[in-house]
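Quick notes on the structure that follows.
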Amino acid sequence: MVEFAVELDGVSKSYSNFEAVRDIRLRIRKGEFFSILGPSGSGKTTILRLIAGLLFPDKGSIRLMGEEVTLVPPYKRNVGMVFQELALFPHLNVFENVAYGLKVRKVPEGEIRKKVKECLEIVNLDPETYSRRKINQLSGGQQQRVAIARALAIEPSVLLLDEPLGSLDLKLRQHMMSELKRIQKTVKTTFIYVTHDQSEALIMSDRIAVINKGSIEQIGTPAEIYETPATKFVAEFIGEMNFIPAEVYNGGLMSEIGYMKVSKLNGAKRVVVAIRPEKIKLGCSELDNVYNAVIEEVAYLGGFLSLKARINGICLKCLTPSDLRFEENQKVELGWRADDAIVFEA
Amino acid sequence: MKRLLAFPSLIYLLVFFYIPFLIVLLYSLDFPNLTLKYYFEILDSLYLKVFINSLVLAVVTTVLCLVLAYPVAYYIALKAGKWKNFLLILVILPFWISFLLRTYAIMTLLNPLGLMFTFTAVVLGMVYDYLPFMILPLYASLERLSKSQIEVSYVLGAKPSETFLRVTLPLSKPGIVAGIILVFTPALGEFVVPVMLGGTYATIGTVTWDLFLRYHNWWKGSALSMLYIAIVLIAIILYIRRSGRIEL
């Protein structure tokens, strides 16, 4: 029994003038919803194309279900892929699109019909109504479902999704996110989901790999990535973050806002301290670090207030429940626990 | 007001195409006698041979153009990247020189090869002249095909050859239909190339020319023209009915 659906070992890929990904190591477990999250141009789509066999690595090896496939062409890999632009076949109807991979595999007609029906049901498209429809007679969301059904019909060892929700509007995108999660729970296939949208990754994934400039910065559960970012890039890319430059001083840190207690240091002399806006408590003086600040900006978000508070030259974003009220130019005490501050090398 | 804008071109077509066309029709019927005798005269084995000559030439030209143009159009549309526009200009470049001059130029190439006044010479000249008319519509239809449609077919398990047959070819069908119509129709009536390169290779075009200008038999020449137009019209209508709409 193999534990991993996909394994990448030291995989690098360069295009003529730049290195797209460098020394990628990934172990993706069977049945996992795994996201690759990074800004555009970070190399996440390259990783997906390497797994699909649409690109071959310059270095390193790739295994699918424990089997070495590094240089195996895509049509011999049995992976499913949903492209950003969906790439449905406009000359075929819904049934023929979903049946495509099975037809190519010379699966008997009766079995194809059964499998297509099953897959359309999984993605919540009524086979009776939609089988004979042309692709251009479907809405964006329906096309999305057909693309997913087509990829699932071949019972792939892994389903690769390349920013499939990018072209949908917000409402539909939120709906499709829960749909994807439901489909994944139904079919129990390994999903690898590429996105630049952190909320998509945080909501859907079992684990996330954050990638930047062709290298993996951190792999972890959404909570691990958010609460204990491994690098400054991850801290900045995921969610909101305040950064305060500081220097080691007397077992703690000295910065423009004053002395700061932290729970652990990383050995560097010049550092950056990162604090999430919701970790900053206002009007509370029983904390490890307390400062006098002036409120510069107040934005009412319903359940929360988003504030900007200035301490000397440093402006901090704070998020606080809206049952406390603050006004601009109000003087306030604010602070945070030493445990809530994360220290990175400057 | 908007309708007025169509008038100049309609008047132009009326004066220089529809009225002459009507005159040709009347000539073919020997107006005002109104007889079909010139039509019966051309329903003769000699003219049948000429029709077959034209048909063979047009079919060979069209098939060769299609086979030669497809890889070129495919490359420009899907593989050329930043060279796309440059290559398209190269395809259109021959149009900058008159059709007649280009055919003369081909003569100077074929003469030393000893190919002049052969069927091969006519086919070479025809393919040379008509190739861009096949490449451009094929390119237009292949360009609309996205790279990911081909890639998704690979990922779904189809080998490159199978992907070509199941995805690329069907999706480029509108271009193939348009290219065939654009090449086959004028090739069937082609007159300049057979006259200049073919010597005695008689086609509908060359015989019509002879009837009008050498023998001054305008009646018979008109009947031949009408018959040719009727054949092409019927062929195209049948073809479009079978292959759906044309896209240029």
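The values are calculated or read from the model by the stated rules, or taken from the named source; none is laboratory data. The shown structure was predicted, so the numbers you read here are calculated from the model rather than taken from an experiment. Cβ sites come from the backbone with ideal geometry, for glycine too, and all protein chains shown count toward neighbours.
The C-beta contact set for the range A:1-20 (first residue on the phi > 0 side of the Ramachandran plot, second residue outside any loop (DSSP other than H, G, I, E, B), distance under 7 angstrom, 6+ apart or interchain) comprises A:G10/A:D23; A:G10/A:R25; A:G10/A:K59; A:G10/A:G60. Scan the range A:206-224 for residues that are of a type outside the set (K, R) and over 19 Å from A:S40 (Cα atoms) and the total you get is 6.
In the range A:228-240, the condition of being at pLDDT below 95, basic (K, R) and under 28 Å from A:M176 (Cβ atoms) is met by no residue. If you go through the range A:120-167 and pick out every residue that is within 22 Å of A:F34 (Cβ to Cβ) and part of a helix (DSSP H, G or I), you end up with 10. When we screen B:M126, B:M134 for residues that are out of contact with any Lys or Arg (no Cβ under 6 Å at 6 or more places or on another chain), more than 10 Å from chain A (Cβ to nearest Cβ), crowded, with 20+ Cβ neighbours inside 10 Å and modelled with pLDDT of 95 or more, the only hit is B:M134. Within the range A:48-67, residues that are within 14 Å of another protein chain (Cβ to nearest Cβ) sit with their Cβ atoms under 8 Å from residues that are assigned to a helix (DSSP H, G or I) and surrounded by fewer than 18 Cβ atoms within 10 Å (Cβ to Cβ), at 6+ positions apart or across chains, in these pairs: A:G53/A:K76. Looking across the range A:68-87 at every residue that is part of a loop (DSSP other than H, G, I, E, B) and more than 26 Å from A:K185 (Cα to Cα), the one that is nearest to the other protein chains (Cβ to nearest Cβ) is identified as A:P73. On inspection, A:H175 qualifies as over 30 Å from A:N312 (Cβ atoms) and either free of Cβ contacts under 8 Å to residues at least 60 places away in the same chain or surrounded by 20 or more Cβ atoms within 10 Å (Cβ to Cβ) (or both).
Going by the conditions given, is A:G41 surrounded by fewer than 24 Cβ atoms within 10 Å (Cβ to Cβ), closer than 24 Å to A:A235 by Cβ and not charged (D, E, K, R)? Spelling it out, A:G41 is indeed surrounded by fewer than 24 Cβ atoms within 10 Å (Cβ to Cβ), closer than 24 Å to A:A235 by Cβ and not charged (D, E, K, R). Going through (1) under 15 Å from the mean Cα position of the chain (by Cα); (2) closer than 23 Å to A:E96 by Cβ; (3) of a type outside the set (S, T, N, Q); (4) in a helix (DSSP H, G or I) one by one, A:M177 falls short only on (2). Would it be correct to say that B:A77 is more than 14 Å from every other protein chain (Cβ to nearest Cβ), more than 22 Å from the chain's Cα centre (by Cα), of a type outside the set (D, E, K, R) and under 30 Å from A:I51 (Cβ atoms)? Yes. For beta carbons closer than 6 Å, sequence separation of 6+ or different chains, a first residue in the range B:140-158 that is more than 7 Å from every other protein chain (Cβ to nearest Cβ) and a second that is of a type in the set (S, T, Y) and outside any helix (DSSP H, G or I), the qualifying pairs are B:S141/B:S172; B:L142/B:S172. A:E179 meets all of the listed conditions (1) assigned by TED's automatic domain parsing to the domain that holds A:R77; (2) touching a strand residue (DSSP E or B) at 6+ places or on another chain (Cβ under 9 Å) but one, namely (2).
The combined condition, being crowded, with 24+ Cβ neighbours inside 10 Å, out of contact with any Pro (no Cβ under 6 Å at 6 or more places or on another chain), more than 13 Å from chain B (Cβ to nearest Cβ) and aliphatic (A, V, I, L, M), is not fulfilled by A:V146. Within the range A:100-114, the set of residues being assigned to a helix (DSSP H, G or I) and either more than 10 Å from chain B (Cβ to nearest Cβ) or in contact with a Ser or Thr (Cβ under 7 Å, 6 or more places away or on another chain) (or both) comprises A:E109, A:G110, A:E111, A:I112, A:R113, A:K114.
May I ask you to list the residues in the range A:22-48 that are among the acidic types (D, E) and over 11 Å from A:A5 (Cα atoms)?
Of the residues in the range A:22-48, the ones among the acidic types (D, E) are A:23, A:32.
Answer for the range A:22-48, where residues must be among the acidic types (D, E) and over 11 Å from A:A5 (Cα atoms): just A:D23.
Residues that are closer than 24 Å to B:L145 by Cα number at least 1 in the following helices (runs of 4 or more DSSP H) confined to the range B:158-248: B:160-163, B:173-189, B:218-243. Taking the criterion of being at positive phi and crowded, with 17+ Cβ neighbours inside 10 Å, would at least one residue in the range A:48-62 satisfy it? Checked against the condition, which is being at positive phi and crowded, with 17+ Cβ neighbours inside 10 Å, the range A:48-62 yields at least one hit.
Selection of the range A:88-99 for residues being out of contact with any Phe, Trp or Tyr (no Cβ under 8 Å at 6 or more places or on another chain) and within 12 Å of chain B (Cβ to nearest Cβ) yields A:L88, A:P90, A:H91, A:V98, A:A99.
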